[in-house]
1. I need the full set of residues from the stretch A:202-218 which are assigned to a strand (DSSP E or B), facing another protein chain (nearest Cβ under 7 Å) and not small (Gly, Ala, Ser), in order please.
2. Report the residue count in the stretch A:151-188 for those that are open to solvent by 10 Å² or more (accessible area, probe 1.4 Å), within 13 Å of chain B (Cβ to nearest Cβ) and touching a helix residue (DSSP H, G or I) at 6+ places or on another chain (Cβ under 6 Å).
3. Give the residues of the stretch B:330-344 that are crowded, with 19+ Cβ neighbours inside 10 Å, within 22 Å of B:GLU403 (Cα to Cα) and either of a type outside the set (Ser, Thr, Tyr) or away from every other protein chain (no Cβ under 13 Å) (or both), sorted by residue number.
4. Which condition from (1) outside any loop (DSSP other than H, G, I, E, B); (2) facing another protein chain (nearest Cβ under 9 Å) is the one that B:ARG272 breaks?
5. Quick check on the stretch A:189-202. Is at least one of its residues touching a His at 6+ places or on another chain (Cβ under 9 Å) and either within 23 Å of B:LYS344 (Cα to Cα) or not β-branched (Val, Ile, Thr) (or both)?
6. How many residues are buried (at least 17 other Cβ atoms within 10 Å of the Cβ), out of contact with any Leu (no Cβ under 7 Å at 6 or more places or on another chain) and either among the acidic types (Asp, Glu) or not in a helix (DSSP H, G or I) (or both) if we restrict to the stretch B:275-303?
7. Keeping to the stretch A:278-290, report how many residues are open to solvent by less than 10 Å² (accessible area, probe 1.4 Å) and not in a loop (DSSP other than H, G, I, E, B).
8. Those residues that are modelled with pLDDT of 95 or more, open to solvent by 10 Å² or more (accessible area, probe 1.4 Å) and more than 17 Å from A:CYS183 (Cα to Cα), I need them from the stretch A:241-268; list them, please.
Amino acid sequence: MTRVLFIILLIVFAVLLFNKHVGLPDGLIPSGSGETETPAPAAPDDEEDAPSLPPAPDEEGTPVPQPPALDPDWHFAPGDLLPGSSTTHGDDGVTDASVVAPSMRFPFETGPAFSNSQIFGQGGGGYAGGWAGPGGSENDPANFDYAWRDNFCEVRTNPAKHANELCDGGLGHNGQDIRPATCENAVHWIVAPEDGHISWVGSISVNVFGAETGYIYKNLHVQKPLPDWVEVGAPVTKGQRIGRASDLLSASSRATTVHLHYEIHGGAEIDGAMRSGPLPPYSSLVEAYMDLVDDNPDQIAPLSPPADITKCTQPQWP
Amino acid sequence: MGIFRTNKIVLGALSACALVGAALAQQTTAPPAQSTQPLKRDVLDLGALRTAPPQTTTIDFENVQGPQSGAGIELSKQYEQSHGVSFGRGASVHFCARVFDDVASVSQSLCPYPRAASGRRAGVHGVRAGGPAMVMDFSRLVSSVSMRINPTGGTLDEAFLVQLEGFDANGVRVVTDRVQFNWSQDAFSWPTVAGLETNAAPLSRVNVTLRRVAQNNQPVRFLIDDLTLQYAPENTLSPVAEAIAEQRGPQRPIGAVIVQSTQVSDAQSQLRLYSAATRKRVSVDWDAVDAALARQKDLGLAAASYRGQKFVNAAELPLLLPSKADAGSIVIVGNRDSYNATFKTGGLAYSLYGSRLLTVIDKNSGAPANNEAITFAGTEEALTASFSVYGVSYSLTRHCKDESVTADPACHDRDALGNVAAQMVVIVGEAGERRP
């Protein structure tokens, strides 16, 4: 009995020491960014102060492995675009961090997945008339690693055609680009974010009307063939497979990276005016991803290497 | 509308037609682009209001070919291809001359006057052969019909009654007019002109009857000549599009309550980093919807056939749909507060989306203020126009061919959107009938 009490006291002492000297870091610099930006908060204040517990010993005193968790700096804040990547060469997207779709399921069936820029990432093609891209390879592990970046409002190849009244200059990307775990084409399943119905099936897209929210979830760069049942009007359940991510820029052009372009389209009140169009999806994706990896902690860590890159092709940038 | 007599009134009738045209042109002509009237400009940019000038055509019944009908030529579809009109049973074309050197024509003439209104022939409706009314069917809809009309005989100052009935595209009689005149046998030329015009529904059929008052309004044979048609403008705005075109800026909610569904509320409580966006359920301007429905009925406008009636019936909002679409292409999905309709027309695919739920978004501080009633969002695969009407927020999306702005350079041109927007109609399902 005395031995047991002694062990307990030792544990308490260890916990107190850990609290005092370790704690959670703040202001970490995301891996590979080379910048000194402040990342998004990883948790609300009350959770941020909570200590990480050391492994609890089992009855034999052997530490129990703790499940992996997302790094505190796994994503940048909503609206925090890559520097210079907005249409006006700034870095501001929509900074309203409110979650437009709180009950949304993450659109990839499994993790890890990486919301980030395609044209500004490694191997990115830049955009016509502007920046030529960073060079390198689309298959660079940096593209398949954290930290996430918002790219709603990012500049597009033909900025004049990408009207978006929420963005600087009234122009910019209307969705969020998400890379799957690897650069493999037509492998990673996209799933329905909520119960509803298929509302549109195009050459490379499948849209879902959410029965609960009334939103249209747009999924672009989807590889065919689709599951047999996928047609306009067909009912769909949350998490059901609707297609696979690809590098299709159109039905006949593989001119982009393997990724999902994801939009949430719905009615909105912007500056008091009624609108209907693309809503900023990043915060909703952040929350949905945390739900996904909470249930599947083995799907957090980036694959190393991210894929057998011989299976992947470089996009034929236009 | 009206029935006119004497050449002077003919001019009046033509002026009236011109006024109709002028009124339409006034509705649809672009005002100078002004920052205070952006919506008008946008609708015009959409290509919706490029109304062709009103077109008229005249049939003089000369040189018509066809099988013989007694002493005349049977008149049926000879003018369908060229003028968009065909005639029902009992119509024929006859000589109408007494002074020509053709003895046969003189002997066969049905005209009580020396000559036809123009040329040597006139149209005739024989009551015994075709029933009381001359029936004209229009494959190209008309907004005005006028003609000189005469009985083939009578006594001096005898009273006759002309009746014209106009029917819309659905076969519903939308306009009727009748007027009595005293026939003047000694007139040099045809003195009586009958006309029918409408600003409401375009006409697909007109029935013409001439009755002899002294004989209990018995229908009698009659002649027409120089039949003039004014075609209905094809690019006029539907009542829905008119309502949008009248706006001068963005619409604001006319009433709203903040809502969250139970499911979303549960999810909201589980959010870790960010808070849920506010969503509002706005009030619908049902009075405006009712007015639009009534006007559509007058115009004979209706939604093209669609699938998804159960979603229509569940919707507590007015649904905008195209009045023209490829057969069977409209598919509707939805819930109580929102809907989406996809369809195809003119070789292109579109989606119409509407919602009375608004998610409140604070835009980037660097984003420009937008005071336009219609805004646009361009994406990789589509162009979307956003607008509001009846208190509800809607969007119309044109999906690029091959879903690529590269493969479909015209995808972001706004004309195609405008042509569809111009003929949108509103419908209301069972839940909407309760005006919630």
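1. Step one: list which residues in the stretch A:202-218 are assigned to a strand (DSSP E or B), which gives A:205-210, A:216-218.
Cutting the leftovers down to facing another protein chain (nearest Cβ under 7 Å) gives us A:205, A:209, A:216.
Within the stretch A:202-218, A:PHE209, A:ILE216 meet the criteria.
2. Residues flagged as open to solvent by 10 Å² or more (accessible area, probe 1.4 Å), within 13 Å of chain B (Cβ to nearest Cβ) and touching a helix residue (DSSP H, G or I) at 6+ places or on another chain (Cβ under 6 Å) within the stretch A:151-188 amount to 2.
3. Residues satisfying the conditions are B:ILE330, B:VAL331, B:ILE332, B:VAL333, B:ASN340, B:ALA341, B:PHE343.
4. (1)
5. The initial filter retains those residues of the stretch A:189-202 that are touching a His at 6+ places or on another chain (Cβ under 9 Å), namely A:200, A:202.
Pick out the ones that are also either within 23 Å of B:LYS344 (Cα to Cα) or not β-branched (Val, Ile, Thr) (or both) and you get A:200, A:202.
Looking through the stretch A:189-202, at least one residue is touching a His at 6+ places or on another chain (Cβ under 9 Å) and either within 23 Å of B:LYS344 (Cα to Cα) or not β-branched (Val, Ile, Thr) (or both).
6. 5
7. Final tally of qualifying residues: 9.
8. A:ARG241
The values are calculated or read from the model by the stated rules, or taken from the named source; none is laboratory data. In this text, all values refer to a predicted model and were calculated from it rather than measured experimentally. Glycine gets a Cβ as well: all are built from the backbone with ideal geometry, and neighbour counts include every protein chain shown. With ligands, DNA and RNA removed, areas are computed over all heavy atoms of the protein, side chains included. Shrake-Rupley method; radii C 1.70, N 1.55, O 1.52, S 1.80 Å.
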